[in-house]
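All remarks here apply to the structure that follows.
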Amino acid sequence: MTDLLHGYRRIVIKIGSSLLVDRERGLKRTWLESLGEDIARLVGEGREILVVSSGAIALGRKILRMDPGPLRLEESQAAASVGQIALSRTYLEILSRHGIEVGQVLLTLGDTEERRRYLNARATISTLLALKAVPVINENDTVATSEIRYGDNDRLAARVATMIDADLLILLSDVDGLYTAPPLLDPNASHIPLVEHITPEIDKMAGSAGSELSRGGMKTKIDAARIATSAGTDMIITAGNRLYPMAAIERGERATLFRAVDNPVAARKRWIAGQLHATGRLFVDAGAVKALVGGMSLLSAGVTRVEGDFRRGDTVTVFDAARREIARGLIAYDSDEARLVAGLRSSEIGAVLGYEGRAAMIHRDDMAVDPGAVDMPGAQLTSA
């Protein structure tokens, strides 16, 4: 296979600790500068790039001259607080040379699982991309309350990729893909270039961790692939321990591609449509029905009534005046706020709420419209 990056517009790149930090020398700056050139070239082609970066703890313990071996939780968090500053400064220095702004986003797995926090994180990252900045994302290790494990960033990267509807997730690792068995243990192991479906046999192929700095191993990478592909995001595992790793993928260097079951937006909408428990109901006018079946967002002006008690990010159902279900979606307001802004134009929301609310009560990317709504009387398709 050649040029596995062809056709992908929004790409998440996950970087393992062992690629960024040498236990004896510290940050591998030359390697990171080559990646910076790769990123600048992709951005210049009109791609949107996000980086999920491990390495804060590993770099911090080097800077603080901490003894080798396992760290207590408070030591890991102290190392992370120092390493994160150094890591962020380096990303800024390298990418700013190419005229690229960098935004730091610190997340935990909880931020991608709890709906309200999920929507806040998604909005922040989406805004950074719209402003042509490169978000550099790391787990917020300094406030973690459970044991910190470097391998968690594989899963975090997958959750970030699905959260922002990325086309592709790339895991840069110290291995060049998936093998039928751990290649260090089985010299006859065969490389697998393409995985169409993650089966129990694929799960069995995952080995254990490969280095002190990168403790996730293939197991967390398969877990990440399952998260990503089920939500419509393709994933690549490839060796990152060479200069210009993105260019290496493009010229066909060895990698494993995991195929998604659907495109990200379609998968997201299918998930929303399948939600059985809706906590609220919105009733909309005929103009809003036309907009929704035409692929547009639901604006507050088209909402005539709000029922139920819900929080931002909950699933609500949308009905027309005849009480026919039109759509399901993730609401952008708490129920009390939704009642206040129902029927208002976007320009009027700020005066009522005391802050500038979101223009869409339900964004079109967070909504699944009933196909039968297209055939309803008076529901004429309009452009999105």
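Rule-based calculations on the coordinates, nothing more; no lab input. None of these values were measured; they are calculated from a predicted model. Cβ: placed from backbone, ideal geometry, glycine included. Neighbour counts: every protein chain shown.
From the P(r) of region 1-148, could you give the percentage of C-alpha pairs in the tail past 18 Å?
59
Can you list residues from other chains, or at least 5 along the same chain, whose modelled amide H is less than 5 Å from the amide H of ILE13?
Excluding prolines and chain starts, which carry no amide H, the hits are LEU50, VAL51, VAL52, ILE170.
Could you point to the residue in SER34, ASN241, SER76 farthest towards the positive end of the chain's charge dipole, with +1 and -1 charges on the Cβ of Lys/Arg and Asp/Glu respectively?
SER34
Given Cα positions, please report Rg to Rh for region 10-268, the hydrodynamic radius being the Kirkwood one.
0.94
Excluding same-chain residues fewer than 8 positions from LYS14, which lysines have a Cα within less than 17 Å of its Cα?
The qualifying lysines are LYS28, LYS219, LYS221.
Which order do HIS277, HIS363, HIS197 fall in if you start with the one that has the fewest other Cβ atoms within 10 Å?
HIS277, HIS197, HIS363
Ranking ARG312, ARG345 by Cβ neighbours within 10 Å, fewest first, what do you get? List each step's numbers first, then the result.
Working: ARG312 17, ARG345 11.
Taking fewest neighbouring Cβ atoms as first place, the list is ARG345, ARG312.
May I ask you to sort GLU253, GLU45 by Cβ crowding, counting other Cβ atoms within 10 Å and putting the fewest first?
Exposure proxy ranking, most exposed first: GLU45, GLU253.
Explain nothing, just compute: Karplus ³J(HN,Hα) = 6.51 cos²θ - 1.76 cosθ + 1.60, θ = phi - 60°, for every residue of region 337-349 in order, whole Hz, x for Gly and Pro.
Rounded to whole hertz, the list is 5, 4, 5, 5, 9, 4, x, 8, 6, 4, 5, 9, 5.
Could you give the angle, 0 to 90 degrees to the nearest 10, between helix 115-130's Cα long axis and the longest principal axis of the Cα atoms of the chain?
80
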